[in-house]
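A.B. asks: Handing you this structure, nothing more for now.
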Amino acid sequence: MARDWNNAEVKPVFTPPKNTSYSYDLWAPELHFLDGAWYIIFTADVDADTPSPEQDMYCDFSCPAVNHRMFVLASSTDDPWTSNYNMRAELDTYNQFAIDGTYFVHPATGGHLYHVYSCWEGSYTSWPSMLCISRMSDPWTVSSPLSSRAVISRPDQPWEKTPYNRTINQRLSSNEGPQQLINPATGQMFIIYSAARSDNRNYCLGMLELTGTNPMDPASWTKHTAGCVFAQNPAEGVYGVGHASFTTSPDGSENWIVYHGMHDYMEGWTVRTIRTQKFSFDEHDGTPVFPAPGIGPYAVPAGQGQAQGQGSPTAQSPRSSNPALVYSELSSRVSGSTCITAAASSSCSSIDTSLPSLHSVGWETASPLGWPTATINATSTSY
């Protein structure tokens, strides 16, 4: 077993067959432990982001991702590393654009399950991309109709637009990459999401808090409108920080954010790398307090050990001693595979890893409630 993410053991868990609705552009895989099994939720496309002219002409703007939908793989055992993963279902997103889907579990309502994802207003609206929520009956079945789907966030703040405070139209205005985060001390529930354009230096994290009782009611959500809660740090050359997830140190005493960012922001998606830093919760209002993005190196997470090497902190699954990272890998044919990575502890937590050209990444961990605190989403690797 490798001692760091740069030299971790990697194996594919899913390569889509040809000529399916999920054969191309696998993005944003997340690994979740729900009801005794592991599920990988991801987005994929029937084409290589190349809709036909007959379809594209209906879009308000150019819409290469118009056919992206959400899918679920299910594990064969309760061990995320040794399991086989097979296609379980396409999630019902009402035959509309859907990316960056995640699970939201509401413990106060008996563990009701919801699908939160980035959506459009309609089939061909193109922009803005918003956050939608639907009710689920199990990890692969959406049970609420389109009429009940709720939009819980729109990119209506200046920092959610590209360029900043764009007023001409809604193009490049985006809310995506939602992740559930719970304050373990207070029980407060948040959705940390990505805002603005993902290949731009202004890409950052925004925050919603569930201040009501019904996740399907937009009035139950309060947006932090003062600005990004995690944003670029030019002083250290860190830009485009987003699509985060959250885990804890091996001894449970520390909270860590895992995200992607870049240094050469003029190069966009192709130069993003996995990064991780420690964060905390405010003692007064219970909201997460994120550090300024940096380049490290940082002290390893508490309880991780002192082996030599560099890499991201490891997360332990509830059924396996193997920490795991799940990501998607693009080939020259523009289709893709979903891979899973295992690594042991490292002596320092480096902010940059050498996994090639990250598109985004999926991290797994388990909370005390038995479901994943959150995962980060999809790395794309070009050869």
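A.B. asks: Would you grab the residues whose amide H sits under 5 Å from the one on Leu34? Only those 5+ places off in sequence or on another chain, please, with H modelled 1.01 Å from N.
C.D. replies: Tyr39
A.B. asks: If you don't mind, another one. From Cα pairs below 8 angstrom and at least 6 apart in sequence, can you work out the relative contact order of the stretch 63-222, rounded to a whole percent?
C.D. replies: 16 percent
A.B. asks: Can you tell me which aspartates and glutamates have their Cα less than 19 Å from the Cα of Lys161? Leave out same-chain residues fewer than eight positions away.
C.D. replies: Asp60, Asp100, Glu121, Glu176, Asp199
A.B. asks: Alpha carbons only, please: Rg and Dmax for the stretch 56-131, in angstrom.
C.D. replies: Cα radius of gyration and Dmax of the stretch 56-131 are 15.7, 46 Å respectively.
A.B. asks: Short version: ³J(HN,Hα) in whole Hz for each residue of the stretch 288-296, in order, from phi by Karplus 6.51 cos²θ - 1.76 cosθ + 1.60 (θ = phi - 60°), x for Gly and Pro, what are they?
C.D. replies: Using θ = phi - 60°, the values come out as x, 10, 9, x, 5, x, x, 10, x Hz.
A.B. asks: Once phi is turned into ³J(HN,Hα) by the Karplus curve 6.51 cos²θ - 1.76 cosθ + 1.60 with θ = phi - 60°, what whole-Hz value does each residue of the stretch 188-205 show in order, with x for glycine and proline?
C.D. replies: In residue order, the calculated couplings are 4, 10, 10, 10, 9, 10, 9, 10, 6, 9, 5, 9, 10, 5, 7, 3, 8, 10 Hz.
A.B. asks: To continue, here is another question. Which order, highest average first, do 259-265, 117-123 follow once you tally other Cβ atoms within 10 Å for each residue and take the mean per peptide?
C.D. replies: Ranking, from highest mean packing down: 259-265, 117-123.
A.B. asks: So for the stretch 211-273, averaging the separation of alpha carbon pairs under 8 Å that are six or more residues apart and normalising by length, what relative contact order in percent results?
C.D. replies: 21 percent
A.B. asks: Kindly write out, for the stretch 38-51 in residue order, the coupling ³J(HN,Hα) from the Karplus curve 6.51 cos²θ - 1.76 cosθ + 1.60 (θ = phi - 60°), rounded to whole Hz, with x marking Gly and Pro.
C.D. replies: Each residue of the stretch 38-51 in turn: 9, 10, 10, 9, 8, 10, 7, 9, 6, 10, 8, 6, 9, x Hz.
A.B. asks: How large is log10 of I(q)/I(0) for the stretch 87-178 at q = 0.12, 0.18, 0.26 Å⁻¹ when the intensity is taken from the Debye formula with one equal scatterer per alpha-carbon?
C.D. replies: The computed values of log10 I(q)/I(0) come out as -0.40, -0.80, -1.32.
A.B. asks: What number does the stretch 12-102 give for Rg over Rh if you use C-alpha atoms and the Kirkwood radius?
C.D. replies: With Rh from the inverse mean 1/r over Cα pairs, Rg/Rh is 1.04.
Where a number appears in this text, it was derived from the coordinates with a stated rule and is not lab data. None of these values were measured; they are calculated from a predicted model. A quick note on method: Cβ atoms are made from the backbone with ideal geometry, for glycine too, and the neighbour counts reach across all protein chains shown.
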